[in-house]
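Chemist: Okay, here's the structure, questions in a sec.
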Amino acid sequence: MPHIALVTLVVRDYDDAIAFYTDALGFELAEDTDRGDGSRWVVVRPPGSTDGGAGLLLARAKDDAQLARVGGQTGGRVGFFLHTEDFARDHARMTAAGVRFLEEPRHEPYGSVAVFEDLYGNRWDLLQPA
């Protein structure tokens with residue numbers, strides 16, 4: 001059955017992005033391969049994800065046009081949704097790690113949620129579905 005394996009996220013710097021996603025968000029570095037031309041194939045995934053779960057391909061901006069899109073790939077909307085089984089635990093851990101939440105946690109009919117930004121300003125939902 002087809003599934004989404006990777007979503008590309010354009011970043012300014014590989015190592016800064018890896019550090020944020022692994023240290024602040026707790027993702028796992030699934031792959032970091034030198035492509036021989038100054039670029040790398042860098043994949044991070046939420047903890048416990050398998051190859052069947054979607055991951056992020058962190059792609060360093062190659063030119064000014066791509067650099068201008070860093071942090072704004074979704075036009076200021078929430079573009080990424082990080083589901084959790086323990087909202088309070090993960091919200092507290094991420095806050096302690098310096099993740100910038102844009103709002104206080106909300107408890108909606110669909111679950112507990114709070115919007116946060118990654119290191120480039122991309123907006124994410126931390127969401128524990130009801």
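Chemist: For residue 88, which of the numbered conditions (1) open to solvent by 50 Å² or more (accessible area, probe 1.4 Å); (2) modelled with pLDDT under 95; (3) closer than 30 Å to residue 111 by Cβ fails to hold?
Modeler: (2)
Chemist: Sticking with this structure for a sec: Quick one: which of 83, 107 is open to solvent by 30 Å² or more (accessible area, probe 1.4 Å) and under 15 Å from residue 7 (Cβ atoms)? Even if it seems obvious, please write down each step before you answer.
Modeler: Numbers: 107 fails: under 15 Å from residue 7 (Cβ atoms).
Exactly one residue qualifies, and that residue is 83.
Chemist: Also, I was wondering about something else. Quick one: how many residues across segment 36-61 are out of contact with any helix residue (DSSP H, G or I) (no Cβ under 8 Å at 6 or more places or on another chain), part of a loop (DSSP other than H, G, I, E, B) and either modelled with pLDDT of 95 or more or surrounded by 16 or more Cβ atoms within 10 Å (Cβ to Cβ) (or both)?
Modeler: Counting residues in segment 36-61 that are out of contact with any helix residue (DSSP H, G or I) (no Cβ under 8 Å at 6 or more places or on another chain), part of a loop (DSSP other than H, G, I, E, B) and either modelled with pLDDT of 95 or more or surrounded by 16 or more Cβ atoms within 10 Å (Cβ to Cβ) (or both) gives 1.
Chemist: So which residues in segment 88-112 are over 29 Å from residue 13 (Cβ atoms) and in a strand (DSSP E or B), if there are any at all?
Modeler: Those that are over 29 Å from residue 13 (Cβ atoms) and in a strand (DSSP E or B): 106, 107, 108, 111, 112.
Chemist: Here's something else I'd like to know. Tell me, please, whether a residue that is within 21 Å of residue 127 (Cα to Cα), part of a helix (DSSP H, G or I) and small (Gly, Ala, Ser) can be found in segment 69-87.
Modeler: no
Chemist: Can you name every residue in segment 21-35 that is assigned to a strand (DSSP E or B) and touching a residue at least 24 places away in the same chain (Cβ under 8 Å)? Steps first, please.
Modeler: The initial filter retains those residues of segment 21-35 that are assigned to a strand (DSSP E or B), namely 28-34.
Answer for segment 21-35, where residues must be assigned to a strand (DSSP E or B) and touching a residue at least 24 places away in the same chain (Cβ under 8 Å): just 30.
Chemist: Inspect segment 5-12 for any residue being among the small types (Gly, Ala, Ser) and either open to solvent by less than 30 Å² (accessible area, probe 1.4 Å) or free of Cβ contacts under 8 Å to residues at least 40 places away in the same chain (or both) and give the result as yes or no.
Modeler: Here is the first cut: in segment 5-12, the residues among the small types (Gly, Ala, Ser) are 5.
Restricting the remaining residues to those that are either open to solvent by less than 30 Å² (accessible area, probe 1.4 Å) or free of Cβ contacts under 8 Å to residues at least 40 places away in the same chain (or both) gives none.
Checking segment 5-12: not a single residue is among the small types (Gly, Ala, Ser) and either open to solvent by less than 30 Å² (accessible area, probe 1.4 Å) or free of Cβ contacts under 8 Å to residues at least 40 places away in the same chain (or both).
Chemist: Can I ask one more? Given 74, 84, which one is in contact with a helix residue (DSSP H, G or I) (Cβ under 6 Å, 6 or more places away or on another chain) and closer than 23 Å to residue 112 by Cβ?
Modeler: Values: 74 fails: in contact with a helix residue (DSSP H, G or I) (Cβ under 6 Å, 6 or more places away or on another chain).
One residue alone meets the criteria, 84.
The values are calculated or read from the model by the stated rules, or taken from the named source; none is laboratory data. What you see is a predicted model; the values in this text were computed from it and never measured. We place every Cβ from the backbone using ideal geometry, glycine too, and count neighbours over all the protein chains shown. These accessible areas exclude ligands, DNA and RNA; they are computed on the full protein's heavy atoms, side chains included. Shrake-Rupley method; radii C 1.70, N 1.55, O 1.52, S 1.80 Å.
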